[in-house]
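This report concerns only the one structure given below.
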Amino acid sequence: MEIEIYEGVFDANEQLARENQETFKKSGIYVVNLMASPGAGKTSLVMHTVSNLKDRMAIGVIEGDIASKVDAMKLKDLEIPVVQINTGGACHLDANMIKQALPHFDLNSLDLLIVENVGNLVCPAEFRLGENLKVMILSVAEGDDKPLKYPLMFSETDVLLINKIDLLEFCDFDLERARDTVKRMNDRIAIFEISCRTGEGLKAWFDYLYDKVSKKE
Ligand SMILES: Nc1nc2c(ncn2[C@@H]2O[C@H](COP(=O)(O)OP(=O)(O)OP(=O)(O)O)[C@@H](O)[C@H]2O)c(=O)[nH]1
Ligand SMILES: [Mg+2]
Ligand SMILES: [Zn+2]
């Protein structure tokens, strides 16, 4: 009998993330892991993104929260498959939770799966889910010093969406400074400035994501 021993929680997660990645690849699904602190605008972005793209591709959503189905309920009018994961206290999603959620979808019929991670700027960045693209949101109300204080997520992510730019005049958020800081930490990052309230800047994000899903890159 062969017994595999994993070196702790991260190795075990990495193994499961690779299995998920294989499953997604087989089914031809592109997967986005959406991360941000509580209230930055993840669900708002998911709603806009699904509304815009759902006529052009089949989209499913996994909602991750510590408790409640509040976010899943917000998506019900979009008439797409949504699975709510309650972590029961854990402050991030991990690859095993995603694996458990997958049988609830008809995977072969999906083009894009968006995973809204638990609101948390720290450990979601440490747990790969098997995603193709890491996307994070920073809202201007949180302050432009957050990349310096929570560096891991900013250096790990592929895309940064700076949200709530409609609130810029009320916040001490320097867009240039934020961009410079993040670019210094992560030179391959794509940055978009958006408002989920006014819709400003969202088209560029939709086009970017559509292109990624089409090319599966
Ligand atoms: N002014 C303004 N408010 C926004 C914007 N985007 C989202 N909001 C509001 O911010 C609040 C939180 O938005 P959500 O989309 O629920 O944020 P979330 O990141 O999903 O929150 P959690 O799932 O609880 O972590 C809501 O009241 C939104 O209406 C924006 O661009 N501008
Ligand atoms: Mg949410
Ligand atoms: Zn956590």
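The values are calculated or read from the model by the stated rules, or taken from the named source; none is laboratory data. Keep in mind the model is a prediction, meaning the values are calculated, not measured. Methodologically, a virtual Cβ is constructed for each residue, glycine included, from the backbone with ideal geometry; neighbour enumeration extends over all protein chains shown. Note: areas computed on protein heavy atoms with side chains; ligands, DNA, RNA excluded. Shrake-Rupley method; radii C 1.70, N 1.55, O 1.52, S 1.80 Å.
Between Glu176, Glu19, Glu131, the residue with the greatest mean-square fluctuation in the GNM of the chain (Cα pairs under 10 Å linked by springs) is Glu176. Using a probe of 1.4 Å, the accessible surface attributed to Val118 totals some 10 Å² when neighbouring protein chains are kept in position. Summarising the overall dimensions of the stretch 8-215 from its C-alpha atoms, the Rg and Dmax are 16.2, 47 angstrom. Evaluate E = 1/(1 + (r/R0)^6) for Lys74 and Gln100, where r is the Cβ-Cβ distance and R0 equals 25 Å; express this FRET efficiency to the nearest 0.05. Rounded to the nearest 0.05, the efficiency is 0.65. The loop-placed GluC sites (Glu not before Pro) in the stretch 29-116, going by DSSP, that have at most 12 neighbouring Cβ atoms within 10 Å of their Cβ come out as Glu79. Modelled this way, with points 7 Å down the Cα-to-C-beta line, the labels at Ala67 and Ile191 are 3.8 nm from one another. When the listed pairs Lys74/Lys149; Lys69/Lys215; Lys42/Lys212; Lys74/Lys183; Lys74/Lys99 are checked against a 29 Å cut-off, the alpha-carbon distance exceeds it for Lys74/Lys149; Lys69/Lys215; Lys74/Lys183. Which of Leu168, Leu138, Leu45 ends up with the largest GNM mean-square fluctuation for the chain, with Cα atoms connected below 10 Å? Taking springs between Cα atoms under 10 Å, the residue moving most is Leu168.
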